[in-house]
Amino acid sequence: MTAQTDTTGPVTTVYQVTGMSCGHCEGSVSGEISQIPGVSSVKAVASTGEVTVVSEAPLDEEAVRAAVDEAGFELAGQA
């Protein structure tokens, strides 16, 4: 196990979200996740179910799960 060091720069995490089927779905998921403090960029792709999130620091997965749930979809975990 290694100790985590301070990161300089953004953290990119890819999540898998089930249920997205169109551009409106992408917008709903992106809009909810972008409200999480520290998030600077969100790109959702309905065809793959992948949501790429760029943030200042690693995000709490439960916060991401709650945002995805609020949008009406299910977070399957990190891709």
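Coordinate-derived values only; no laboratory data. Note that the coordinates shown come from a computational prediction; the quantities given were computed from them, not determined experimentally. All Cβ positions, even for glycine, are placed from backbone atoms using ideal geometry, and neighbour counts span all protein chains on display.
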For this session: Set the Förster radius R0 to 25 Å, insert the Cβ-Cβ distance between Ser21 and Arg65 as r into 1/(1 + (r/R0)^6), and round the FRET efficiency to 0.05.
Result: 0.80
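Evaluate the relative contact order of the chain (contact order divided by residue number), counting alpha-carbon pairs under 8 angstrom at least 6 apart; express in whole percent. Mind showing how you got there, number by number?
Values: 133 pairs, mean separation 32.3, N = 79.
Here the relative contact order equals 41 percent.
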Exercise. If one takes the longest principal axis of the Cα atoms in the chain, at what angle in degrees, from 0 to 90 and to the nearest 10, does the Cα axis of helix 61-70 lie?
Worked result: 20
For this session: Diagonalise the Cα gyration tensor of the chain and give the resulting equivalent ellipsoid semi-axes, square root of 5 times each eigenvalue, largest first, whole Å.
Result: 23, 12, 11
For this session: Could you size up the charge dipole of the range 11-78 around its Cα centre, putting +1 on the beta carbon of Lys and Arg and -1 on that of Asp and Glu, and report it in debye to the nearest 20?
Result: 200
Problem set entry | In nm, spacing of pseudo-spin labels at Lys43 and Ala76 (7 Å Cα→C-beta vector) | 2.0
For this session: Count the net charge of all other residues whose Cβ sits under 12 Å from the Cβ of Gly49, scoring Lys and Arg as +1 and Asp and Glu as -1.
Result: -3
